[in-house]
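The values are calculated or read from the model by the stated rules, or taken from the named source; none is laboratory data. Just so you know, these numbers come straight off a predicted model, no measurement behind them. All Cβ positions, even for glycine, are placed from backbone atoms using ideal geometry, and neighbour counts span all protein chains on display. Accessible surface areas use protein heavy atoms only, side chains included; no ligands, DNA or RNA. Shrake-Rupley method; radii C 1.70, N 1.55, O 1.52, S 1.80 Å.
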Amino acid sequence: MRNPERHALIVGASRGLGLGLTETFLRRGWRVTATRRGSAPGLDRLSAQGARVETTDIDDDASVAALRDRLDCETFDLIFVVAGILGESDRPLHAVPRAVHAQVFLTNAVSPILFAEAFHDRLVSGGTIAFMSSGLGSIGLNTDGGWENYRASKAALNTNARSFAARHAARDFGVLLLHPGWVATDMGGEGADLDVATSAAGLADVIEARAGRTDLAFLDYRGETLPW
């Protein structure tokens, strides 16, 4: 049974984890507004199940402002910025073009925070703003290297999110950095440990369990704290 009092905005839901989260929250009775940047057949399918589908590009300020205008009367219990790119992370840092580094950092570390600044006042009291981070963004866990520009962009996202939380120290909403595990998506690859449904269910469990909290945390899909 749908609970109209819980409303999630999933940003970057065209495929993979964003699509999986949209499906998971719909199944749990949430209202869901899900965004795509371009064509998204899977999301179109979920629109028939009640998802409101919107188009935006988090790297484009005008596009984000237009989305805010279209959602002018909406408030949210959850805003989850999932959107991100991999870049050329299979190559060492020095082998990746500067323009690729710049795009990865813009999309993964800067644009999510700009989106949060544009939308945080749409959260209900006790709501949550979540960013899709990664265990690769943990500096403390980086003992093996690899995935260098992606890893660095997620570490930067974590830092920027901490600054966002500090800037809004008097907030009445929680801030989460979430690691989904190694998931079999286009980004994670076929050899990953988890399927999308398992990761999305775990992330939803964590979010629902922390409803009403206003602290900052860096957690994985099982709710375990990760080192910064």
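The table for this structure:
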quantity	calculated
Unmet requirement for Trp228, which otherwise passes all of (1) open to solvent by 70 Å² or more (accessible area, probe 1.4 Å); (2) in contact with a Leu (Cβ under 8 Å, 6 or more places away or on another chain)	(2)
Test set (1) open to solvent by 70 Å² or more (accessible area, probe 1.4 Å); (2) over 23 Å from Gly127 (Cβ atoms) - Asp72 fails condition number	(2)
Close pairs (6 angstrom Cβ cut-off, 6 or more residues apart or separate chains): within 12 Å of Gly87 (Cβ to Cβ) in segment 150-164, in a helix (DSSP H, G or I) and open to solvent by 20 Å² or more (accessible area, probe 1.4 Å) anywhere	Arg151/Leu136; Ser153/Phe105; Lys154/Leu136
Segment 171-184, residues that are open to solvent by 30 Å² or more (accessible area, probe 1.4 Å) and either of a type in the set (A, V, I, L, M, F, W, C) or at pLDDT below 95 (or both)	Trp182, Ala184
Residue check for Phe173: in contact (Cβ under 8 Å) with a residue 24 or more places away in the chain and either more than 14 Å from the chain's Cα centre (by Cα) or over 19 Å from Ile207 (Cβ atoms) (or both)	yes
Subset of segment 207-228 [in a loop (DSSP other than H, G, I, E, B) and in contact (Cβ under 8 Å) with a residue 12 or more places away in the chain]	Arg210, Ala211, Gly212, Arg213, Thr214, Asp215, Tyr221, Arg222, Gly223, Leu226, Pro227, Trp228
Candidates Ala99, Ala118, filtered to the one that is over 26 Å from Glu5 (Cβ atoms) and modelled with pLDDT of 95 or more	Ala99
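Residues checked against (1) within 23 Å of His179 (Cβ to Cβ); (2) of a type outside the set (Asp, Glu); (3) touching a Cys at 6+ places or on another chain (Cβ under 8 Å):
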position	(1), (2), (3)
Leu17	yes, yes, no
Thr22	yes, yes, no
Arg27	yes, yes, no
Pro41	no, yes, no
Ala65	no, yes, no
Arg70	no, yes, no
Glu74	no, no, no
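For every residue, the table says whether it meets (1) touching a residue at least 40 places away in the same chain (Cβ under 8 Å); (2) over 17 Å from the mean Cα position of the chain (by Cα).
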{"position": "Thr55", "(1), (2)": "no, no"}
{"position": "Arg68", "(1), (2)": "yes, yes"}
{"position": "Glu88", "(1), (2)": "yes, yes"}
{"position": "Val100", "(1), (2)": "yes, yes"}
{"position": "Glu117", "(1), (2)": "yes, no"}
{"position": "Ser133", "(1), (2)": "yes, no"}
